[in-house]
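Student: Have a look at this one before I ask anything.
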Amino acid sequence: FLLQKVVNRQPGEVAYEPTAGNGALLFAMEQDGEVKANEIDDDTFGRFEFLQKVFGERNVTRLDAAGLEPHVEGANVTLMNPPFGKVRVGKGSKEFAIFGGIEHPRGYEVLTTMEIDHAMVLNTLKAMDEKGRAVVIVGGVKPTASTPGARTKAYRAAKMAEFFAPLFHNFNVV
């Protein structure tokens, strides 16, 4: 409910959740206009069919929110709480592409990330309407960084800076 209030959706705007899960972030949005949901879940819990019943079959997709497939272009409002962190593949981690790359404030282009939530956020924001608004929840630093100084140092580490620097540089983050 809080995310929906923060994003300040206006009647008639298209709301989108690229990692809809059970659709909870979108329920209050449904009354004010079109709602689009995406969920790639293997449907163990019947989420996809549930979303189709609630929001209509044409408004629910099964795209890879971390992949290169463009998301719902023209969405005015996006809410998302994606899965966080790395996706293990064998002894390593999966690498995710950033759709079309994204400019880093230091002048180079960021083309990949090892964090699934970072890929989902950047790819979704890039596909959103130019004047759109989003509220996103992203993973933080490990709980082992328990003091304020340790947390500050962890957020300033290269891994986090590679996400937050382009995020703030390319989008109006408040």
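The values are calculated or read from the model by the stated rules, or taken from the named source; none is laboratory data. In this text, all values refer to a predicted model and were calculated from it rather than measured experimentally. Every residue, glycine among them, receives a Cβ derived from its backbone with ideal geometry; neighbour counts consider all protein chains shown. What goes into the accessible areas is simple: the full protein's heavy atoms, side chains included, and nothing from ligands, DNA or RNA. Shrake-Rupley method; radii C 1.70, N 1.55, O 1.52, S 1.80 Å.
Student: Any idea which residue in the stretch 15-50 is modelled with the lowest pLDDT, counting only those that are open to solvent by less than 30 Å² (accessible area, probe 1.4 Å) and among the β-branched types (Val, Ile, Thr)?
Tutor: Ranking the qualifying residues of the stretch 15-50, first place goes to Val35.
Student: Select the strands (runs of 3 or more DSSP E) contained entirely in the stretch 77-174, then report the ones holding at least 1 residues which are out of contact with any Pro (no Cβ under 6 Å at 6 or more places or on another chain), of a type in the set (Asp, Glu) and open to solvent by 30 Å² or more (accessible area, probe 1.4 Å).
Tutor: 96-103, 109-113
Student: Go through (1) within 21 Å of Tyr16 (Cα to Cα); (2) touching a strand residue (DSSP E or B) at 6+ places or on another chain (Cβ under 9 Å); (3) in contact (Cβ under 8 Å) with a residue 40 or more places away in the chain and name the single condition Val110 misses.
Tutor: The single condition Val110 does not satisfy is (1).
Student: Restricting the search to the stretch 55-76, which residues are within 21 Å of Leu3 (Cα to Cα), in contact with a Phe, Trp or Tyr (Cβ under 8 Å, 6 or more places away or on another chain) and either modelled with pLDDT under 85 or open to solvent by 20 Å² or more (accessible area, probe 1.4 Å) (or both)?
Tutor: Passing the criteria: His71, Val72, Ala75.
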